[in-house]
Structures are given as C-alpha cells and as structure tokens.
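Please treat every number below as a calculation from the coordinates, not as lab data. None of the values given here were measured: they were computed from a predicted structure. Neighbour counts run over all protein chains shown; Cβ positions are idealised from the backbone, glycine included.
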Amino acid sequence: MKTFTRLATVTTMAALALSVAACGKEDTPSSNAGGGNAPASDTCQTSGATFTPASGVDIAGSSTFEKIKSGGTVRVGVKFDQPNLGYKDTSGTRCGFDIEIAQYLASQLGIDPAKIEYKEIPSANRETAIKGGEIDYYVGTYSITDQRKNDISFAGPYFIAGQDLLVRKDDNSITGKDTLKGKKVCSATGSTPIQRIRDEQLTEPNNIVEFKTYSECVSNLLDKKVDAVTTDDAILKGYAAQSPTDMKVVGQPFSVEKYGIGLPKDDKALRDFVNDALDAAYKDGTWQKIYDGTLGKSGSSATPPPLERY
Ligand code: GLU
C-alpha cells in the first residue's frame, strides 16, 4: 500500500500546476482564497482570525476547567490528516476549521492557543480518551450521537455535514449509496459512516475495508485497492480539493452529521460554557471568518447551525 506521501506528491504537483497557471495574471491570488474546487496546498494557511486569551475566566463547578487553569495548558484531541479540517502540514503546522475552533475555545478558556497540547486521536479512540481524562476536549469531525452520549457529552453542533462518497475521477459507475453493491468501500474504524454502510448493507460485508484514518482509505483509492471512500462530505471535499484531477466527491449526501465538541460527560458547567462561547462566535462573525478561511476552501459555503443545548 502506498502511503500518504503519494497524496502529498499529487498535492505538490497540483499546487505547482496552480502556481504555473497563476503566472502572468496579475490579480490572481496565490492561495485558493476564492473557494471553489481549486487545488488546496499542503502548506497550512489560517483564516487570519486572532484568538486573544480571555482574562479572569472562572467556570464554577467545572472540574475540567480547574485542571486547565492550574496547569496553564489545555489538552485537545484532534485529527491530523483531514485537509481544511484537522490537518498537520509537512512543516508540523496545524490548521483547519476544527483546529481553529479548538484554538478559539482555548482562548475563551483563558489559554493562549500556542500552549495547546494537541493529541492526535483517531475516530475509534475518542470516547476512551475523553472518559480516561487523556484530553480536556475533542474537536475533530465528531458526530453527536445518542450512543456516544452514553460515554461523553457534546457542545454544539458547530457544523453539519452529511455522509458521501469519494471515488476516482474516471469512475462513473458509483453515483450514490445505492450503487455500491459489489464495490470495495473504505472508511474509518469506529465512525458513524462505516456503521451506516454495515447497518444499511450498502455493500457486502467482505467488501468493507477499514483503517484507523481516512487518509489510509484515500491512498487505497488512488492505488485502486478500494473503489470508494465513505465519510462526511466535509472531509471528502478536502481530499478532492487536494487532488482534483484524481478524485471527485459524488455529491449525494445520505445522512446528517452534526459536529460536536467532545467533552467529559458529567461536566455540564464546561458544556454550558463552550456552548456560550460558540454562540458568541456565531454572533460576532468569528465562526464565519474561521469557516470561510478554512473549510470553505474545500468548495462549500455554510452558516452556523443552531445549538442544541441539553
Ligand atoms: N462524523 C463521523 C463520525 O463522527 C465521521 C468522521 C469521523 O470519523 O471523524 O464518526
């Protein structure tokens, strides 16, 4: 199996093609700031939003916040291989919508985002990491589900995605979830999309391939070892934007994935605080600025979803 390096190479070539194409057009931006499906660069770019740590923060009754305050740092669970969402580039810089939401929340908690301790935690290990106190919160395409609420709690939603399919550019045989029979379909262990493929029997059990991460699925798609990658459209559009000549998103979403901030189950004070912080970002334009400068570059537009407090 080829690794993510191959994807990076494709990306570099795509970026090169973009910069060559840009030559001679004086007003062409060097980034793909215009959105659309322009190739995304492997090099991290931020939205430009600034996150100044709040002072004098107190959250009465939050045991998690007590630890954050006394340690002067916050431990945040993230993804690292999801372009424009939770991404780490080759220089080690992190960027993306989820990363900036995590940084914004740290600043609201009074912590300088530069002091965040990031922990890369794959889909299957999120509840365990939160329950075990390994992280203070998780921001990484984490769908709010009743089953997960048995173990942890969620603030949000702060974004709504839908399950979709990523296929090779020249494959016209897969046009939606009902065209997957006999096709090899790849997704991540412990995710809602892989569960849905199984529950709805969208392909045969022996045609379901799983890895810890979606980038492993993408490498397998490019290597023709699987026929489709399935997960949230927001994630898939990021991969397609990195390699637009090799892959495309089918564009027929078949679920509603509400992204929440994963929090310790019994810390309602922290959950209320995070919901208030999200609400403030919705109202003062911070959310929109982050979105437009990160996930919006994968080729979609969005506005903040209504919070579902509990
Ligand atoms: N949003 C889905 C989930 O939480 C898929 C993305 C992911 O695995 O992070 O399972």
Checklist entry - Could you state the number of Å between the C-alpha centres of the range 194-229 and the range 239-266? => result 15
Checklist entry - Label Asn172 and Ser300 with points 7 Å out from Cα along Cα→Cβ: what is the distance between them in nm? => result 2.6
Item to check | Gain on full stretching of the segment that runs from Lys115 to Lys212 - 0.36 nm per residue minus C-alpha separation | outcome: 32.2 nm
Item to check | Karplus 3J(HN,Hα) series, Hz, for the range 130-140 with 6.51 cos²θ - 1.76 cosθ + 1.60 (x for Gly, Pro) | outcome: 6, 4, x, x, 6, 9, 8, 7, 10, 10, x
Checklist outcome for this item: Counting only DSSP loop positions in the range 62-163, the GluC sites (Glu not before Pro) whose Cβ has at most 16 other Cβ atoms within 10 Å are Glu134
Next on the checklist: With +1 assigned to the C-beta of every Lys and Arg and -1 to the C-beta of every Asp and Glu, and no other charges, what is the dipole magnitude of the chain about the Cα centre in debye, to the nearest 20?
Outcome noted: 500
Checklist entry - Label-point separation (nm) for Asp151 and Asp279, each offset 7 Å from Cα along Cα-to-Cβ? => result 3.0
Checklist outcome for this item: Taking a crude spin-label model, label points 7 Å out from Cα along the C-beta direction, the Thr73 to Ser55 distance in nm is 2.4
Item to check | Between the range 119-178 and the range 59-106, the alpha-carbon center distance in angstrom | outcome: 16
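Please compute the net charge surrounding Cys95, taking Lys and Arg as +1 and Asp and Glu as -1 over other residues with Cβ under 9 Å from its Cβ.
0
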Checklist entry - Considering only the chain, what is the antiparallel percent among its DSSP beta bridges, to the nearest 5? => result 60
